[in-house]
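The values are calculated or read from the model by the stated rules, or taken from the named source; none is laboratory data. The structure presented is a predicted model; accordingly, all values stated were derived computationally and were not measured. Here the Cβ positions follow ideal geometry from the backbone for every residue, glycine too, while neighbour counts run over all protein chains shown.
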Amino acid sequence: MLTIKCADCKTKIMKYKKIGRGKVLRCYRDRITRLYDYKVEGDELKCGNCGNVIGDIEKKQVDMNQHSFTYSGHKEKK
Ligand SMILES: [Zn+2]
């Protein structure tokens, strides 16, 4: 389970169940297990604290903006 945080203000955005190796390029919506502090404007997912754009919301996933978040925790092995 990964905890995704805003890169600017370190606010927790969400918990995400990442499967497999590699970068977090997108977050599938059905694997987001918990949302913390966030807001949605149009199709953008933003930090609820500072408004930093974390990613673009698509039908099945959120396409993550690589420069606007950090994460901690570990990825699950397949
Ligand atoms: Zn922020």
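Filtered by the rule that a residue be part of a loop (DSSP other than H, G, I, E, B), in contact (Cβ under 8 Å) with a residue 24 or more places away in the chain and not small (Gly, Ala, Ser), the stretch 28-57 gives Tyr36, Asp37, Asn49, Cys50, Asn52.
So that you can scan it fast, the table gives a plain yes or no per residue for (1) at pLDDT 95 or above; (2) part of a strand (DSSP E or B):
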site: Lys5; (1), (2): yes, yes
site: Cys9; (1), (2): yes, no
site: Gly22; (1), (2): no, no
site: Lys78; (1), (2): no, no
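Can you name the residue in the stretch 58-72 that is away from the ligand (no atom under 15 Å from the Cβ) and assigned to a strand (DSSP E or B) and, of all such residues, is modelled with the lowest pLDDT? Checking each candidate, the answer is Ser72. Residues in the stretch 24-41 that are within 12 Å of the chain's Cα centre (by Cα) and away from the ligand (no atom under 12 Å from the Cβ): Val24, Leu25, Arg26, Cys27, Tyr28, Arg29, Arg31, Ile32, Thr33, Arg34, Leu35.
Out of Lys18, Lys12, Lys75, which single residue is within 13 Å of the ligand (Cβ to nearest atom) and basic (Lys, Arg)? Give the steps one after another, and end with the answer.
Values: Lys18 fails: within 13 Å of the ligand (Cβ to nearest atom); Lys75 fails: within 13 Å of the ligand (Cβ to nearest atom).
The conditions single out Lys12.
In the set (1) surrounded by 15 or more Cβ atoms within 10 Å (Cβ to Cβ); (2) under 11 Å from the mean Cα position of the chain (by Cα); (3) modelled with pLDDT of 95 or more, the condition left unmet by Glu44 is number (2).
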